[in-house]
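Novice: Before anything else, here's the structure in question.
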């Protein structure tokens, strides 16, 4: 089902109606964060109405999952990410958001708690470093 939604979101782009976008995001909030759901969330984050539809609770869920994705990335990804990298999708989703000060503080806190791991990735992985720069 997620694969079909990824395809739908990619094909429809901004033509996806905001109420459908909201329903997909609601379903995503109820599911676990996986590579596929992170990919879908990134595709949806490119939608013009994404910032007005996503809830702060969902943003917090992404931020809470970042350390897990970071560790998973360190354990399994090569120097260059494949296009199936959960951490990459999560960082790019956050980069597409209009982040308020509170959410920015949460991201900065996460970054500071895992500064060593992020530093290693910024030096060793071009895809992650470009995405973090996109976020900043």
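Novice: Check 95, 1 and return the single one that is at pLDDT below 90 and farther than 28 Å from residue 117 by Cβ. Step through it out loud before you land on a result.
Specialist: Details: 95 fails: farther than 28 Å from residue 117 by Cβ.
Checking each option against the conditions leaves just 1.
Novice: Would you mind stating whether residue 39 is out of contact with any strand residue (DSSP E or B) (no Cβ under 8 Å at 6 or more places or on another chain) and buried (at least 18 other Cβ atoms within 10 Å of the Cβ)?
Specialist: Considered against the rule, which asks whether it is out of contact with any strand residue (DSSP E or B) (no Cβ under 8 Å at 6 or more places or on another chain) and buried (at least 18 other Cβ atoms within 10 Å of the Cβ), residue 39 comes out as yes.
Novice: Consider the stretch 115-132. How many of its residues are surrounded by fewer than 17 Cβ atoms within 10 Å (Cβ to Cβ) and touching a helix residue (DSSP H, G or I) at 6+ places or on another chain (Cβ under 9 Å)?
Specialist: 5
Novice: With the stretch 4-113 as the region, which helices (runs of 4 or more DSSP H) entirely inside it contain at least 2 residues that are over 26 Å from residue 125 (Cβ atoms)?
Specialist: In the stretch 4-113, 18-30, 50-53, 56-76, 101-113 are the helices (runs of 4 or more DSSP H) which contain 2 or more residues that are over 26 Å from residue 125 (Cβ atoms).
The values are calculated or read from the model by the stated rules, or taken from the named source; none is laboratory data. The structure presented is a predicted model; accordingly, all values stated were derived computationally and were not measured. We place every Cβ from the backbone using ideal geometry, glycine too, and count neighbours over all the protein chains shown.
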